[in-house]
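A quick write-up on the structure given underneath.
The values are calculated or read from the model by the stated rules, or taken from the named source; none is laboratory data. Note that this is a predicted model, so its numbers are computed, not measured. Neighbour counts are summed over all protein chains in view; Cβ atoms, including those assigned to glycine, are modelled from backbone coordinates with ideal geometry.
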Protein chains: 2
Amino acid sequence: RSRTSGENLFVVLLISAPLSQKLEPPANPARFRDTNAAIRCFEFAAKASPDNPLVLNNLSVALAQADRNGDALAGFRRVVSLQPDSVMPRHQMRRLTSRIVPFWHIPMLNDVRRNDVFEAAIKRAIAEHGPSVQMLDIGAGSGLLSMMAARADATNVVACEVVPVIAETAERIIEQNGLSNRVSVVNKVSTNLVIGRDMQELAGILVSEILSSDLLAENVLDTFEDAHARLISEGATIIPRAASAIGCLVESDVLGNYAFVGTVSGFDVSEFTRLAANRLPIHGTMTEWRRLSPDIELQTIDLTCPRHAEDIRLIDVPVSADGTAVGIVQWMRIDLAEGIEFPIIPTTIPMVVGCRSCIRILGRSR
Amino acid sequence: RSRTSGENLFVVLLISAPLSQKLEPPANPARFRDTNAAIRCFEFAAKASPDNPLVLNNLSVALAQADRNGDALAGFRRVVSLQPDSVMPRHQMRRLTSRIVPFWHIPMLNDVRRNDVFEAAIKRAIAEHGPSVQMLDIGAGSGLLSMMAARADATNVVACEVVPVIAETAERIIEQNGLSNRVSVVNKVSTNLVIGRDMQELAGILVSEILSSDLLAENVLDTFEDAHARLISEGATIIPRAASAIGCLVESDVLGNYAFVGTVSGFDVSEFTRLAANRLPIHGTMTEWRRLSPDIELQTIDLTCPRHAEDIRLIDVPVSADGTAVGIVQWMRIDLAEGIEFPIIPTTIPMVVGCRSCIRILGRSR
């Protein structure tokens, strides 16, 4: 961070689009309307002139436009290696990295309370299973939980991370902290892990911080189900062992403005409410809502369970105050191990589930 | 909205993953690890049994997993038409709609001040050009601005909207408000509009609300450049005619926690700061920052200009208070017409641009 003072100036770099480099602006620009055609064209040029930074740069711009973010990032890296003083490809690398790496990684890392409860649970599990236990960390991120295991004497830790740029960074961090001999990073989606190749044996401890405030997310449960079926041993310790979505009914004009629309400038646009978000990310600092119910447990998932059934439930919510409900503000409670609960994850973004749509669905399906 | 009272219960619908319907759970489930293979398989089944809701449902689940959201939405709609009482495909439709339709549409519609200044500028332009002017609304959304033009007597309005489900909704809204004879919705990206087919003639008025707080977004400038080159007449009125990004240097522990990481639980993970978001969406209600500089104009874009050059600038920011800067909070000012300025768009999400990375880049490129 930069210390500023009243006497100094602070300098900011601004870069405008278009971000593709040009030798000179063509008089009558022929734009590529088909991004894939552009990619094929630049790939062809890159074969003819493999170390041409202009070609590589434009190829990478096209790849980024086609949402092939990983390939684009690799391309801009090569441009930077060829032209270390060039500002534009560095700017593009930052943009792409931001697209690839979810922004909540860093606030989560800075959450001391969360880190401490994870470490307590990890230490206890290693004391129980012994230091030579095969430990698997799914969604390793920076590698923090794996390093905690190594510090607690575990010698056989696999940190599985699917995003290449995050996995590389974890590898560097683990090396900088002198733990590369105990922790190996595997850059794969966990459902592609192979015992005997990526891990020596079935894991005796599985730790995973992939839970988000969206407990209902399909891929989270798929990941745990796959781990149960293929990656962990009988009697393995799973951290966390359970997670619950907690919520309360709220009144809020601010949130209502995000969820409902009626008459605007004299026109009836209420039809647009059907397109409203069914979940809205709201930051922990967003407090302009008033509770209309006590906390209720919306759902609990037992992660020690090998499979999870489909589930549709109606939940009765006791109402504790008069008001106009706009939805439910939701957060999470994770149960890491016996006696180690983490009641609320403050850096997780609570979500508002619009009520109207649910009511409409219920009205029709009852 | 639902009126609640202390005596009543409020009912919430919860649905757990997995969301694919199953006849019965297979004992040893063979999961599709390749989504495209799953799509091909279900497409094959759908050909053999075109009205089978189970096949259509599973095809749509696979399409959604492959991020083919529009196709998936169409599929779930067919499932609902075949099984009107089924809750799951309705839930999936809501999820997909939320993915497809940006959440800021509704708060923007509810922003009375913004609507009023747009209407003032539109009315003035129509008074100037006459009611038979060809008017083009790019990124029409709900169709609000097009309906304002029709109410101001314009008879020849094209509302161009790229997202199919939004375009359909706009069409319904325009019909419900009795303006279908004056406004026609074209479901295309504006760069594919064809004069003589989608519009009668070159537009004399172009209105567009596609500006976000990210003035630097490539596709926004591309859209305006394409409109200048192909879609508007000499002397056309462009609303807004200019836009500026305004910002100030801020101190904030909360935002700092999102942008920087150093030592965590005794491990040096500062390397992860390189993966920090370079822009962070912060809601207008998020006020836990302290200003360290006056407002500065970061960038102004003249939208009446047919082309925009590449631009890298250094901006000197006068510092008005001592503190530790974490970045710049940014918002927008739009200039709709002579005397009609909209100083701040409150529902736009201001962004924080991390400073450290800029400084690092500057240090190397100076």
Problem set entry | Top-ranked residue of region B:201-212 - restricted to ones that are surrounded by fewer than 21 Cβ atoms within 10 Å (Cβ to Cβ) and either hydroxyl-bearing (Ser, Thr, Tyr) or at pLDDT 95 or above (or both), ranked as farthest from residue B:188 (Cα to Cα) | B:212
Exercise. Based on what the data block shows, is residue A:298 crowded, with 20+ Cβ neighbours inside 10 Å, more than 7 Å from every other protein chain (Cβ to nearest Cβ) and out of contact with any Ser or Thr (no Cβ under 6 Å at 6 or more places or on another chain)?
Worked result: no
Exercise. Counting just the residues of region B:256-274 that are part of a helix (DSSP H, G or I) and either among the aromatic types (Phe, Trp, Tyr) or farther than 23 Å from residue A:116 by Cβ (or both), which one comes out farthest from the other protein chains (Cβ to nearest Cβ)?
Worked result: B:274
Exercise. Just one of A:111, A:71 is in contact (Cβ under 8 Å) with a residue 40 or more places away in the chain and of a type in the set (D, E, K, R); which is it?
Worked result: A:111
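Just name the residue that is nearest to residue A:149 (Cα to Cα) out of those in region A:220-238 that are of a type in the set (Gly, Ala, Ser) and away from every other protein chain (no Cβ under 11 Å). Step through it out loud before you land on a result.
Of all residues in region A:220-238, those of a type in the set (Gly, Ala, Ser) come to A:227, A:229, A:233, A:235-236.
Going one step further and asking which of them are away from every other protein chain (no Cβ under 11 Å), we end up with A:227, A:233, A:235-236.
Numbers: A:227: 19, A:233: 18, A:235: 19, A:236: 15 Å.
The selected residue is A:236.
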Exercise. Among B:150, B:170, B:121, B:127, which is in a helix (DSSP H, G or I), modelled with pLDDT of 95 or more and surrounded by fewer than 17 Cβ atoms within 10 Å (Cβ to Cβ)?
Worked result: B:127
Exercise. Out of curiosity, is residue B:157 out of contact with any Phe, Trp or Tyr (no Cβ under 8 Å at 6 or more places or on another chain), in contact (Cβ under 8 Å) with a residue 40 or more places away in the chain, β-branched (Val, Ile, Thr) and not assigned by TED's automatic domain parsing to the domain that holds residue B:342?
Worked result: no
Problem set entry | Count of residues meeting criterion [assigned to a helix (DSSP H, G or I) and modelled with pLDDT under 90] in region A:99-111 | 6
For this session: Kindly indicate whether any position in region B:117-135 is under 16 Å from the mean Cα position of the chain (by Cα), facing chain A (nearest Cβ under 10 Å) and in contact (Cβ under 8 Å) with a residue 40 or more places away in the chain.
Result: no
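On the given criteria, is residue A:309 closer than 30 Å to residue A:158 by Cα and in a loop (DSSP other than H, G, I, E, B)?
Values: closer than 30 Å to residue A:158 by Cα: yes; in a loop (DSSP other than H, G, I, E, B): yes.
It is true that residue A:309 is closer than 30 Å to residue A:158 by Cα and in a loop (DSSP other than H, G, I, E, B).
Specify which of the listed residues (A:297, A:271) is in contact with a Lys or Arg (Cβ under 9 Å, 6 or more places away or on another chain), without any contact (Cβ under 8 Å) to a residue 60 or more places away in the chain and more than 25 Å from residue B:101 (Cβ to Cβ).
On the way: A:271 fails: more than 25 Å from residue B:101 (Cβ to Cβ).
Criteria check complete, one pass: A:297.
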Exercise. Tally time: how many residues in region A:318-366 are over 21 Å from residue A:120 (Cβ atoms) and at pLDDT below 55?
Worked result: 18
Problem set entry | Filter result (surrounded by 13 or more Cβ atoms within 10 Å (Cβ to Cβ) and either among the aromatic types (Phe, Trp, Tyr) or at pLDDT 80 or above (or both)) within region B:307-317 | B:308, B:315, B:317
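For residues in region B:213-227 being farther than 23 Å from residue B:182 by Cα and either touching a helix residue (DSSP H, G or I) at 6+ places or on another chain (Cβ under 6 Å) or modelled with pLDDT of 95 or more (or both), which is surrounded by the fewest Cβ atoms within 10 Å (Cβ to Cβ)?
Here is the first cut: in region B:213-227, the ones farther than 23 Å from residue B:182 by Cα are B:213-226.
Narrowing further to those that are either touching a helix residue (DSSP H, G or I) at 6+ places or on another chain (Cβ under 6 Å) or modelled with pLDDT of 95 or more (or both): B:223, B:226.
Working: B:223: 22, B:226: 18.
Checked region B:213-227; the qualifying residue surrounded by the fewest Cβ atoms within 10 Å (Cβ to Cβ) is B:226.
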For this session: Of the conditions (1) surrounded by 18 or more Cβ atoms within 10 Å (Cβ to Cβ); (2) at pLDDT 95 or above; (3) more than 30 Å from residue A:315 (Cβ to Cβ), residue A:230 clears all except one; give me its number.
Result: (1)
